[in-house]
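> This is the structure I have questions about; it appears just below.
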Amino acid sequence: MNNSKCRLMLMASGTGSNVQALIDAVNHGQIQAEIVGVISDQPQAAVIQKAQAAGIESFISQPKDYSSRKDWEQSILDFCQARSSDLILLAGFMRILSADFLQHYPQQVINIHPSLLPAFPGRQGIKDAYDYGVKITGVTIHYVDDGIDTGPIIAQESLKIDPNWDLAQLESHIHQIEHQLYPTTIEKLIQEKVI
Ligand code: GRF
C-alpha cells in the first residue's frame, strides 16, 4: 500500500451491526481508511440498508445466480478488484471463501468471530459457548483461510460470563465487545502497515 488511504471492502449476510460499527469508526476518523463497498449474499439482509444509508455502494451476489461456485466467487473478486480493495473484512458473512479466492488476497481477508477460537467455531459461537457452560468466552479477530474460523488469530478479547445472564444478555455483551474490537484492531493493522 502507498500513502493513499486503505480501501476496505466489507462482506456480511445479516444484520450488519459490525458493518455499522466499522462505518461509524471510519466516519469518526477512528479508522484511517475508506470503505469502498459492501457485499452480501442475502438480498433481504438489513446490512444492505445500512450501506445505502451510509452512501456506500453495495453488491448482492448469490451462488444460485451463477452456474458454478467459481463463477460466483469471480463476481465477488471482480467487484473487489474493480474497487482496488486493500482489505476484505468479513462481518457475519455466512459462506466459506475458497483457497482459490483467498490466494488473490493473501493475509488481506479478516473475520470476526464471537468466541475465543479455537473454541466454538461455526455459526452459533455465542450459543454454543453458553450451552456448554463455559465461564469465560469472548471475541476473536483472525485472518481467513479456507477452513471454518481456523485462520491465524490477530486479536482476542475475553468476557467473563455472569451466571445470571440469559443468552440474549450474553449476546449483547459480546456484540458490545465486537463493535469496539473490530475497528480498533483494523486501525492498528493499518497503522502498523501490516496490510
Ligand atoms: C457477529 O457476532 C460476528 O462475530 C459473527 O456474525 C455476527 C454478525 O452480526 N461472525 P452482525 O450482522 O454484524 O450484527
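> For a test of the definition: using alpha carbon positions, the gyration tensor, and the 1.5 limit on a/c, classify region 1-111 as rounded, prolate or oblate.
oblate
> Give the distance, in whole Å, between the Cα centre of region 46-110 and the Cα centre of region 6-36.
About 14 Å separates the Cα centre of region 46-110 from the one of region 6-36.
> In region 149-187, whose amide N lies under 15 Å from the spot 7 Å out along Cα-to-Cβ of Lys127? List them in ranges.
167-172
> Taking loop as defined by DSSP and a crowding limit of 10 other beta carbons within 10 Å, which GluC sites (Glu not before Pro) in region 1-101 fit?
For GluC sites (Glu not before Pro) across region 1-101 that sit outside H, G, I, E and B with at most 10 neighbouring Cβ atoms in 10 Å, the list is empty.
> Specify whether the C-alpha gyration tensor of region 112-195 places it in the rounded, prolate or oblate class, a ≥ b ≥ c being the square roots of the eigenvalues: rounded for a/c under 1.5, otherwise prolate if a/b is larger than b/c and oblate if not.
Oblate, because a/c is 1.5 or more while a/b does not exceed b/c.
> Need one word for region 35-75: rounded, prolate or oblate. Basis is the Cα gyration tensor (sqrt eigenvalues a ≥ b ≥ c); a/c below 1.5 gives rounded, then a/b vs b/c decides.
oblate
> Mind checking the angle between helix 17-27 and the chain's longest principal axis? C-alpha axes, 0 to 90 degrees, to the nearest 10.
Around 60 degrees separate the two axes.
> With a cut-off of 8 Å between alpha carbons and a minimum separation of six or more residues, what is the relative contact order of region 28-181 in percent?
16 percent
> Same structure again: Are there trypsin sites (Lys or Arg not before Pro) in region 109-195 that DSSP puts in a loop and that have at most 14 other Cβ atoms within 10 Å, and which ones?
Arg123, Lys135, Lys193
> Moving on to the next point. Using only the alpha-carbon atoms, how far is helix 69-82 inclined from the longest principal axis of the chain? Give it as 0 to 90 degrees, nearest 10.
Between helix and principal axis, roughly 70 degrees.
> Moving on. Region 92-195: which GluC sites (Glu not before Pro) are DSSP loop and have at most 14 other beta-carbon atoms within 10 angstrom?
Qualifying residues, ordered by number: Glu192.
> What do you get for Rg/Rh of the chain when both radii come from the Cα atoms and Rh is the Kirkwood radius?
Ratio of gyration radius to Kirkwood radius: 0.96.
> Any chance you could run the full-extension gain for His175 through Asp71? It's 0.36 nm times the residue separation minus the Cα-Cα distance, nm to one decimal.
Taking 0.36 nm per residue and subtracting the Cα distance, the gain is 34.1 nm.
Computed from the coordinates by the stated procedures, all read-outs in this text should not be read as laboratory data. Note that the structure is a prediction, hence the values are computed from the model and not measured. Glycine gets a Cβ as well: all are built from the backbone with ideal geometry, and neighbour counts include every protein chain shown.
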